[in-house]
Structures are given as C-alpha cells and as structure tokens.
1. Please state the shape class of the range 6-274: rounded when a/c is under 1.5, otherwise prolate if a/b exceeds b/c and oblate if not, all from the C-alpha gyration tensor.
2. With a cap of 15 neighbouring Cβ atoms within 10 Å, and only residues DSSP puts in a loop, list the chymotrypsin sites (Phe, Trp or Tyr not before Pro) found in the range 195-282.
3. Of Lys103, Lys176, Lys142, how do they rank once you tally other Cβ atoms within 10 Å and put the fewest first?
4. Sort Glu70, Glu191 so the one with the fewest other Cβ atoms within 10 Å of its own Cβ comes first.
5. To check you understand DSSP bridge types, tell me what percent of the beta bridges within the range 6-274 (both residues inside) are antiparallel, rounded to 5.
6. Can you sort Arg67, Arg6 from fewest to most other Cβ atoms within 10 Å of each residue's own Cβ?
7. Using only DSSP helix segments of four residues or longer, with each worth -39500 (n - 2.57), what per-residue ellipticity at 222 nm results for the chain after dividing by its residue count and rounding to 500?
8. Under a straight-distance cross-link criterion of Cα-Cα below 16 Å, which lysines are reachable from Lys176, leaving out those fewer than 8 residues away in the same chain?
Amino acid sequence: MERQKRVLAVHDISGVGRCSLTVALPIISAAGVECSVLPTAVLSTHTGGFTGYTCRDLTDDLLPMARHWESLGEQFDAIYMGYLASFAQMDMMREIFSLLADKDTLIAVDPVMGDNGKLYAAFDMTFPPAMLELCTHADLIKPNMTEAALLLGEEYQPGPYTKEYVEGLLLRLVQKTEARQIVLTGVFFDEERLGAATFDGTTKEIAYIFGENVPGLYHGTGDVFGSALVGALVRGMPLSEAVRAAVDFTVAAIQTTAKAGTDIRYGVNFEKNLPVYMRALGIV
Ligand code: PXL
C-alpha cells in the first residue's frame, strides 16, 4: 500500500464566494491527497466584487503554527501557497518554506495579486516586487497574465496574445525566478480557446494546453485550476498531463456555471465536476 500524499495549502478562508481554501480542500481531497491548511486570513467573502467584507488577518499566527508543525516533525509532499493577506506574510513564507519543506517537497507558489489587468483591492504596488522575490524560492509558479506582468514590472496586455509574447513572458519569468516549472494561465490566441502555457525546466520545453473559452470572468477559477494541478502533480502526473486535467476540470466547472446563469462572484460549480477530475486522475 502506497503512503498517502499530503499537501499543505496556504490560502485565506473566504466564507462565501468559492475560492482559496474552500476550493483547495475539496479538490485536493478528491485527488486522494490529504490537505492540511495554514489559513492566512478569514474573510466573510473574497475581495473581488463584494463590498463591506470582514477580514481577520492571521499574520501573527502563521509562524507559531509552522514552528509547532516543525517541532512535531510534520512533512508535506507539497506546499501550495495562494492568497496572502499582508505584506509581512511574504517574508514569513520564506521562513515557512525553510521550516517545513525538505528536498522532496514541491513548493508551488500562486502569486495571487490580481486579474483582468488589475491588482486585487487589498494590495498595493509594493506587493509585486516582494512576490517576485518569494517566487525565487518556488519550484513551480502559476501566475495569470496580470500577475506575470506585475511580477515582471511590465504593462498588462489584454490579449489575444501571440506566441512570441507568451514565450517571451515565460522566458523572462524563468530568468527572474529560476522556477523549475512555470504554468501561465489565461493564455489565448483567439476568442475560441483559452488555457495555459507551460515551461518545464527539466526538458526546457514550452507547451500549450487549451480548452473552450467561455465568455465571462468567473471568480475563483485560478484556485480551482491550481488546486487540481497540485493534486495531480503530487500524485506523480507529468506536468503536461496535470495541466490538461486541471484545464478540463476548470472548463467543465465554468460551463456548468455558465449554463446555470449563476452570479459570477460565487465562483464555479466544481462540485458537480469532481468526477471529471477524478476520472482524469484514474481514481474512478
Ligand atoms: O481567488 C483569489 C482570491 C483569494 N482570496 C481572496 C480574494 C481572491 C480574489 O479576489 O479576494 C480573499
């Protein structure tokens, strides 16, 4: 019997509006992988589209929690970092990686900062350079097109994109972060198809994985995709297959939500599509 794999997910909990930990927990669990959590904050809703949200910042709890786990000798196959709630948490994450990651731990950093050309409401322009520094400690980074531009200090381009532009971004990200694997999301060359471009440092290959481009900006899709990606990678799937599983699952969840006409702020119906993901992983 193989040892069950285990991920530490470091994100906020937004009580309403599926994203971050309310998405990472069920999806990583569906991958058959144990999901431990280090919550960065507790919010009433996410910050994209709701007003008047509450936010309990847990910055002061992060290091004590991580040190407790280190004292217990806890080990993780991956640390999957998403939404951080304060500038100070970026510094702390470096220390948390060194406390809790060993040579076999995949450090996956989603540099959650913005979407659709805009920085999220809770952040300012001091975030991107600090996030870039944090990315230099990651094995895998997963920016969207907005976050890639922010990390590189470049102007956001709305797309459609050209291969030259996308490959230039990937190569500049490799140079500046030295991440072994880069998964760039929100890539499209035409209005029909949307997906991810990947750079795999072991083969030095760039690949494109697309699905149907459903119109509309659905919240939390980056976290659905990222959770599915990390779940698949930790199970040992090669990068391109893991990205394929994550794209197909995310597109299916968006299609279900679009068909139902749900308010886009509430995230996507990934629940109905968990069997799609589990089939891609060979679990069912
Ligand atoms: O899905 C990204 C995300 C996570 N957590 C919070 C957010 C957002 C995006 O807006 O506001 C609190």
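Bear in mind that the values in this text are calculations on the coordinates, not laboratory data. Computed from a predicted model, the values in this text were never measured in an experiment. Backbone-built Cβ (ideal geometry, glycine too); neighbour counts: all protein chains shown.
1. On the way: a/c = 1.31, a/b = 1.16, b/c = 1.13.
Rounded.
2. On the way: sites: Phe199, Tyr208, Phe210, Tyr218, Phe225, Phe249, Tyr266, Phe270, Tyr277; in loops: Tyr218, Phe270.
Passing both the DSSP loop test and the Cβ count: no residue.
3. Numbers: Lys103 4, Lys176 15, Lys142 29.
Taking fewest neighbouring Cβ atoms as first place, the list is Lys103, Lys176, Lys142.
4. Working: Glu70 13, Glu191 10.
Ranked by crowding around the Cβ, least crowded first: Glu191, Glu70.
5. Details: 19 of 39 bridges.
Of those bridges, close to 50 percent are antiparallel.
6. Details: Arg67 14, Arg6 17.
Arranged by neighbour count, lowest to highest, Arg67, Arg6 become Arg67, Arg6.
7. Values: 9 runs with 114 residues, N = 284.
Helix-only estimate at 222 nm: -12500 deg cm²/dmol.
8. Of all the lysines, those that pass the test against Lys176 - Cα under 16 Å, at least 8 places apart if same chain - are Lys142, Lys204.
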